[in-house]
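Chemist: Just dropping this structure here.
The values are calculated or read from the model by the stated rules, or taken from the named source; none is laboratory data. These numbers come from a predicted model, not from an experiment. We place every Cβ from the backbone using ideal geometry, glycine too, and count neighbours over all the protein chains shown. With ligands, DNA and RNA removed, areas are computed over all heavy atoms of the protein, side chains included. Shrake-Rupley method; radii C 1.70, N 1.55, O 1.52, S 1.80 Å.
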Amino acid sequence: MSAESVNLTVQEEQETGARLVKVLGPVHIWALGVGIVLVGEFMGWNFTVAKGGTLGSIIACWLIGLLYVSLIMVNTEIGSVIPEAGGQYAMAKYLMGPLAAFNVGVMIVFEYTMLEAADSLVVGELMHSLNPELQPLPWIILGLAILTALNYRGVYATLTVNFVITAIAYVTIFILLFSTQFWSPNASLINFPDLMSGLPYGWLGILGALQFGIWFYLGIEGTALTAEECRSTGRSLPVGAMIGMVSLLVGATITWFVCSGLVQWETLGSSVYPLYDAALATDYSFVIWSLFVGTILSCLASANGCINDSSRGWFSMARDTLIPQWFGAVHPKYHTPYRAIVFLAPIAISFGFTGLLDQVITFSIISGTIIYVLMGYMGLKFRQMYPLGTIERGYTSPWHPFPSVFLLILAILVLVATFLGYWINLLAAFVFYIICSIWFVFHRYKFVDPHTLIKAHWPRPKGY
């Protein structure tokens, strides 16, 4: 298909009125943010225990919690001003230019695609554990195909379903908590001395734990990717994101408490599904089945949200001409970026075929963390370009510039921690994004239309 015919196709779709629709409220934003992240409390976070012991794990949990509280503040303030799909990509194009926006867009796609692949891997492992004769790959393909079809048919139904399954999965964490009778020292199943098993690798272990501590919250920033589809961006985005962050902080702390008190730290640090292993330690059949269902649902909710977010990132880049515009089409009936959704599905499945859970998680973390560093910088630049009173905000981040500074420092520390354990992965990721940048500058940039990239409604910055 030629460039002219692609542009004509997109133009025809725009003229027929096919566009993303504003149907989402705060509950859908909560379902998207918590739905993507909650799986990190069912698996992945426990690698912090292998790095820093149980004490190092909870320190990393709270430090990374501070990172994400800062990120949500910065992300929500800028996002409430930019009611466009694309989230951090859309912010980067206005605040940093086309090259930075292209890189952020690619990072968004890989962050969520890799996370989606990790979710499918855990579902496959769980089904295999239920019956060793079951092959995980067919379940991976079937699950992702169903979720892709759901996303294809509409964002409202997608995130409504996500709210239901996320809420059920979240409740199972509390079922596990109360099954331990933690309030009674004599009857409690919690081994309280194990909660403070020290720092087996010292303070360096805490630094190493930061890399996987990010798994408690990875993806909550994706709430901004659906800003264009919110009925009221200035209300839905802040309310949904803030309540979601509180939910995750509570859930993360409970998860650490229960798992560390029921499972030996050496075993916990290498578990594929730690909350389910903690349920097995209670020996209560109802609790075991509840956490089995909760783990499956959390994976499905996360994969569902990842399909939504990665496709919005890819769609936004195409609509702005940073990649071929063919991907920027909107379904005339369902009002979804259907080509982006279908295109990314086999990529996620292919990463799921690898079976390398820690490698897939690491690449997702690296991509997300680089975005966080850039978000810290954009938070400072946004206030410099648009001081308070010069542009209407749906939400104003308090205590500026501290959230942006904390975000910068903690995100850089996470990259340092990643270098200590996975320096080859970190180097490979940087090389990959450098190659993408070279391709964009020397090949794709000549096709970029600046009038399409920057929308007319965006005000001129101070001192323009």
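Chemist: Heavy atoms only, probe 1.4 Å: what % of the accessible area of the chain goes to carbon and sulfur, would you let me know?
Modeler: So the carbon and sulfur contribution to the accessible surface is 70 percent.
Chemist: So for MET378, MET242, what's the accessible-area order with a 1.4 Å probe, most first?
Modeler: MET242, MET378
Chemist: Now for a separate question. Give me the tail of P(r) for the chain as a percent: Cα-Cα pairs with distance above 35 Å.
Modeler: Counting every Cα pair in the chain, those more than 35 Å apart make up 27 percent.
Chemist: Could you order peptides 421-428, 270-277, 67-74, 302-309 by the average number of other Cβ atoms within 10 Å of their residues, highest first?
Modeler: 302-309, 67-74, 270-277, 421-428
Chemist: Relative contact order for the stretch 144-295: what percent, with Cα pairs under 8 Å and sequence separation of 6 or more?
Modeler: Relative contact order of the stretch 144-295: 32 percent.
Chemist: Another question about this same structure. Can you quote the Å³ per residue value for the convex hull of the Cα atoms in the stretch 273-340, rounded to an integer?
Modeler: 83
Chemist: Can you work out the accessible area per residue across the chain, with the rest of the protein chains kept in place, probe 1.4 Å, in square angstrom?
Modeler: Using a 1.4 Å probe on heavy atoms only, each residue of the chain averages 38 Å².
Chemist: Find the relative contact order for the stretch 320-464 and round it to a whole percent, using C-alpha pairs within less than 8 Å whose residues are 6+ positions apart.
Modeler: Over the stretch 320-464, the number comes to 35 percent.
Chemist: Sticking with this one: Cα axis of helix 233-262 to longest principal axis of the chain: angle in degrees, 0 to 90, nearest 10?
Modeler: Rounded to the nearest ten degrees, it is 20.
Chemist: With +1 on the Cβ of every Lys and Arg and -1 on the Cβ of every Asp and Glu, and nothing else charged, how large is the dipole of the chain about its Cα centre, in debye rounded to the nearest 20?
Modeler: 1280
Chemist: Which shape class applies to the stretch 329-464: rounded if a/c is under 1.5, otherwise prolate when a/b exceeds b/c and oblate if not, where a ≥ b ≥ c are the square roots of the Cα gyration tensor eigenvalues?
Modeler: Oblate, since a/c reaches 1.5 and b/c is not below a/b.
Chemist: Helix 98-130: angle to the longest alpha-carbon principal axis of the chain, degrees 0 to 90, nearest 10?
Modeler: In the chain, helix 98-130 runs at an angle near 30 degrees to the longest axis.
Chemist: Ranked from the most accessible area to the least, with a 1.4 Å probe and all protein chains present, what is the order of MET245, MET127, MET196?
Modeler: The ranking, largest first, comes out as MET196, MET127, MET245.
Chemist: Which order do ASP358, ASP320 take by accessible area at a 1.4 Å probe, largest first?
Modeler: The most accessible residue leads, giving ASP358, ASP320.
Chemist: Shifting gears a bit: What's the angle, to the nearest 10 degrees (0 to 90), between helix 402-439's Cα axis and the longest principal axis of the chain?
Modeler: The two axes meet at around 70 degrees.
Chemist: Give the calculated FRET efficiency between PHE447 and GLN135 to the nearest 0.05, with a Förster radius of 41 Å applied to their Cβ-Cβ distance.
Modeler: Result of the calculation: an efficiency of 0.40.
Chemist: Using only the C-alpha atoms of the stretch 150-303, find the volume of their convex hull and express it per residue in Å³.
Modeler: 131
Chemist: What shape does the stretch 211-255 take by its C-alpha gyration tensor, where a ≥ b ≥ c are the square roots of the eigenvalues and a/c under 1.5 counts as rounded, a/b above b/c as prolate, and the rest as oblate?
Modeler: oblate
Chemist: Apply the a/c threshold of 1.5 to the C-alpha gyration tensor of the stretch 34-171 and tell me whether it is rounded, prolate or oblate.
Modeler: Here the stretch 34-171 falls in the oblate category.
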